[in-house]
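The values are calculated or read from the model by the stated rules, or taken from the named source; none is laboratory data. This one's a predicted model, so the numbers in the text were calculated from it and none came from an experiment. Ideal geometry is used to build each Cβ from the backbone, glycine not excepted, and the neighbour counts take in all protein chains shown. In case anyone asks, the SASA skips ligands and DNA or RNA and just uses the protein heavy atoms, side chains included. Shrake-Rupley method; radii C 1.70, N 1.55, O 1.52, S 1.80 Å.
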Amino acid sequence: MGFIGEILAVPYIIFFFGVWIAASLARPILVVSLACLLANPVDTFRKARLFVISLAYLIACNDKKWKSPKDDPASYFKKEDGEVHVVEKKTIIFVRHGESTWNDTFNRGDRSKVAFIAGFVPGLIWAVAVELYLFVSGQSNESWLFDSPLSYKGVRQATDVKKFLSTKKYITASEAEIMGLMTASSTKDGVAPPSQLVSSNLRRAISTVALGFQDRLERNLTDDNILILPQLQEISRNPDALSITPPKGSVVPSWIDREVNEAYFERLYKEQVDTSLHNGNKPVNTNGLKRLEAFCSVAFNEIKKDTIIAGGHSLWFRSFFRTYLPHNFDHISKKKKLINGGCASFTLMKKSTEAGDKFMIDPKSVNVIYGGF
């Protein structure tokens with residue numbers, strides 16, 4: 001065999017030995033993996049069940065499909081003389097979660113197209129490898145893909161919210177008022193803050209609220225907690241939009257949460273996270289509109305405070321603006337997503353009619369607090 005023949009034979013030799021090594025390791029790896037799974041039957045069953053549920057959602061869920069209400073919400077809030085008639089109102093502040101491990105794998109984000117394409121397959125292999133490790137090791141409360149937690153980038157984005165809230169420079173009096181509601185800066189110890197922190201039942205949103213409002217939460221004010229609302233669950237059929245936290249169960253910090261500040265997250269999730277209204281995952285036969293309507297009802301009927309700070313998700317937020325802003329009001333919130341870590345406030349109005357409760361966002365009240373769309 002000549003020199004050129006030897007060179008051409010190298011790839012085949014590498015391939016042969018690669019296959020031989022993989023085949024040699026496959027059996028012991030499978031045996032050890034099976035032994036690990038059998039050693040943790042409860043966790044194995046719980047994670048396997050999550051796989052099955054995710055498959056069912058991918059096949060049968062129509063979460064994004066609903067008929068938009070034909071009635072303009074503005075039509076219910078005008079008297080004959082044209083004045084707006086408000087029965088009740090709440091100040092709502094949306095806070096979008098930081099990027100998640102799912103986003104790291106499947107979304108381009110701020111990466112260039114070349115960087116995203118080049119890194120997609122290695123990133124996907126890594127995500128699957130981590131998922132398999134978590135499955136085999138019996139960590140049923142952990143996942144890269146299901147109810148994906150904040151990524152390291154998402155942690156930075158949530159921390160940026162915290163830094164923003166710690167600033168003391170406000171341009172207008174209305175901004176100062178909103179910031180006061182978010183930080184509870186004027187609330188004295190032993191007194192309940194004027195706003196209620198709420199979050200979707202997905203971990204990336206809970207962690208974002210926990211990190212973004214850490215300074216406030218560490219003051220441990222009376223009745224200051226994060227209320228988990230399944231009504232805020234993201235509008236999607238993907239596995240990352242399914243909640244790992246069991247109904248009314250305890251929220252468990254992700255491995256990334258623990259790396260950031262284990263003591264803080266463990267204490268907070270144990271003492272200042274309220275899951276009493278968390279009834280579990282959204283049903284398969286549901287859609288996003290039902291949760292939008294349910295959130296409005298909870299906001300006025302279940303939450304006594306006049307200001308609600310809601311940690312949630314881009315598609316859910318955009319759908320809310322599209323549904324409850326007047327039809328003829330053109331606003332960027334109807335077209336674009338709130339950026340990761342972005343905050344926006346508005347006034348939500350409620351009027352009781354013969355046809356039931358009706359809701360509308362006051363178009364003059366929409367305000368970008370941090371980030372943007």
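Using a 1.4 angstrom probe, figure out how much accessible area the chain has per residue, in square angstrom, rounded to the nearest whole.
On the way: 19140 Å² over 373 residues.
Dividing the accessible area of the chain by its residue count gives 51 Å².
With +1 on each Lys and Arg Cβ and -1 on each Asp and Glu Cβ, and nothing else charged, work out how big the dipole of segment 104-216 is about its Cα centre, in Debye to the nearest 20. It would help to have the intermediate numbers written out before the result.
On the way: 13 positive and 10 negative charges, 69 e Å.
Using Cβ point charges on Lys, Arg, Asp and Glu, segment 104-216 gives about 320 debye.
For helix 203-212, report the angle its Cα long axis makes with the longest principal axis of the Cα atoms of the chain; keep it between 0 and 90° and round to the nearest 10°.
In the chain, helix 203-212 runs at an angle near 60 degrees to the longest axis.
How big is the Rg/Rh ratio for segment 45-172, C-alpha atoms only, Rh by Kirkwood, two decimals?
Working: Rg = 21.9 Å, Rh = 19.5 Å.
On the Cα set of segment 45-172, Rg over Rh gives 1.13.
Restricting the count to DSSP beta bridges whose residues both fall in the chain, what percent are antiparallel, rounded to a multiple of 5?
On the way: 19 of 35 bridges.
In the chain, approximately 55 percent of DSSP beta bridges are antiparallel ones.
Using R₀ = 25 Å, calculate the FRET efficiency as 1/(1 + (r/R₀)^6) where r is the Cβ-Cβ separation of Arg46 and Asn285; round to 0.05. Don't jump to the answer; show the numbers that get you there.
On the way: r = 23 Å, r/R0 = 0.92.
Once the sixth-power term is evaluated, E becomes 0.60.
Given N residues in segment 272-334, what is its alpha carbon radius of gyration divided by 2.2 N^0.38 Å? Walk me through the numbers before you get to the answer.
Working: Rg = 13.5 Å, N = 63, 2.2 N^0.38 = 10.6 Å.
With N residues counted in segment 272-334, Rg over 2.2 N^0.38 Å equals 1.27.
Find the all-direction average of the projected area of the Cα convex hull for the chain, expressing the result in square nanometres with one decimal place.
Details: hull surface 99.0 nm².
Spelled out: convex hull of the Cα atoms, projected over all directions, averaged, 24.8 nm².
By average Cβ neighbour count within 10 Å, what is the ranking of 145-156, 328-339, 106-117 from highest down? Walk me through the intermediate numbers first.
Numbers: 145-156: 22.0, 328-339: 14.8, 106-117: 11.8.
With the highest mean Cβ count within 10 Å placed first, the list reads 145-156, 328-339, 106-117.
Under a Cβ-only charge scheme (Lys and Arg +1, Asp and Glu -1), can you give me the dipole magnitude of segment 183-247 about the Cα centre, in debye to the nearest 20? Don't jump to the answer; show the numbers that get you there.
Numbers: 6 positive and 7 negative charges, 28 e Å.
Dipole magnitude for segment 183-247 comes out near 140 debye.
Calculate the spin-label point distance for Glu262 paired with Glu175, positioning each point 7 Å from the Cα along the beta-carbon direction, and give it in nanometres.
Label-label distance for Glu175 and Glu262, simple model: 4.1 nm.
Could you tell me which of the pairs Lys113/Lys337; Lys305/Lys350; Lys282/Lys335; Lys290/Lys337; Lys89/Lys304 are separated by over 18 angstrom between their Cα atoms in the structure shown? Walk me through the numbers on the way to the answer.
Details: Lys113/Lys337 20 Å; Lys305/Lys350 15 Å; Lys282/Lys335 25 Å; Lys290/Lys337 20 Å; Lys89/Lys304 12 Å.
Distance filter (> 18 Å) returns Lys113/Lys337; Lys282/Lys335; Lys290/Lys337.
Just to confirm the number: angle between the C-alpha axis of helix 173-183 and the first principal axis of the chain, 0 to 90 degrees, nearest 10?
Relative to the chain, helix 173-183 is tipped by roughly 50 degrees.
So what's the angle, to the nearest 10 degrees on a 0 to 90 scale, between helix 3-39 and the longest Cα principal axis of the chain?
60 degrees
How much of the accessible area of segment 259-309, probe 1.4 Å, is carbon plus sulfur, in whole percent?
Numbers: 1090 of 2450 Å².
Heavy-atom surface of segment 259-309 belonging to carbon and sulfur, 1.4 Å probe: 45 percent.
Roughly how many percent of the accessible protein surface of segment 161-214 is carbon and sulfur, given a 1.4 Å probe and a whole-percent answer? Write down the numbers at each step before the final one.
On the way: 1300 of 2250 Å².
Taking all protein chains in place, segment 161-214 shows 58 percent carbon and sulfur surface.
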